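Colleague: Here's a structure for you.
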Amino acid sequence: MNDEVSGAVPDVPEDRAAEPGEETAAEAAEAAEAAAGPAGPAPLGLVRTPTGHARVDAHLERLADADHLTADGHVEVYEDVHRGLREALTALDAPSLPGPYENRS
């Protein structure tokens, strides 16, 4: 058997400079990644089941606003919803006000 490789293989140094207009594979991959850029905001498509409490449902619907924002904008929406839900829970603990005819002396 013959160990000699048949056919001529051109000697091309690996560190040769690319000719003008020619990209290396790494440059092409980097350019493709830069062109793609970061993915924009996309809705998650979560289904929100109504709770039956109008105030709570309104705050939960506000979460849908985060679907159209970048991640930086999510914090404001989440804090707003959290504040509203805490207020709704606090209102459950508040004593009910007496009616106009319940406070007789």
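The values are calculated or read from the model by the stated rules, or taken from the named source; none is laboratory data. Quick caveat: nothing in here was measured; it's all calculated off a predicted structure. Cβ coordinates were reconstructed from backbone atoms using ideal geometry, including for glycine residues, and neighbour counts include every protein chain displayed. SASA here: full protein model, heavy atoms, side chains in, ligands and nucleic acids out. Shrake-Rupley method; radii C 1.70, N 1.55, O 1.52, S 1.80 Å.
Colleague: Three principal axis extents, largest first, for the C-alpha atoms of the stretch 41-98, in Å?
Modeller: If we take the Cα atoms of the stretch 41-98, the spans are 48, 22, 10 Å.
Colleague: Right, here's the next one. Just add up the charged neighbours of His82: K/R +1, D/E -1, any other residue whose Cβ is under 12 Å from the Cβ of His82.
Modeller: -1
Colleague: So, one more: From largest accessible area down, sort Tyr78, Tyr101; use a 1.4 Å probe on the protein chains.
Modeller: I get Tyr101, Tyr78, largest accessible area first.
Colleague: Contour minus end-to-end for Leu69 and Leu44, with contour as 0.36 nm per residue of separation and end-to-end as the Cα-Cα distance?
Modeller: Taking 0.36 nm per residue and subtracting the Cα distance, the gain is 7.8 nm.
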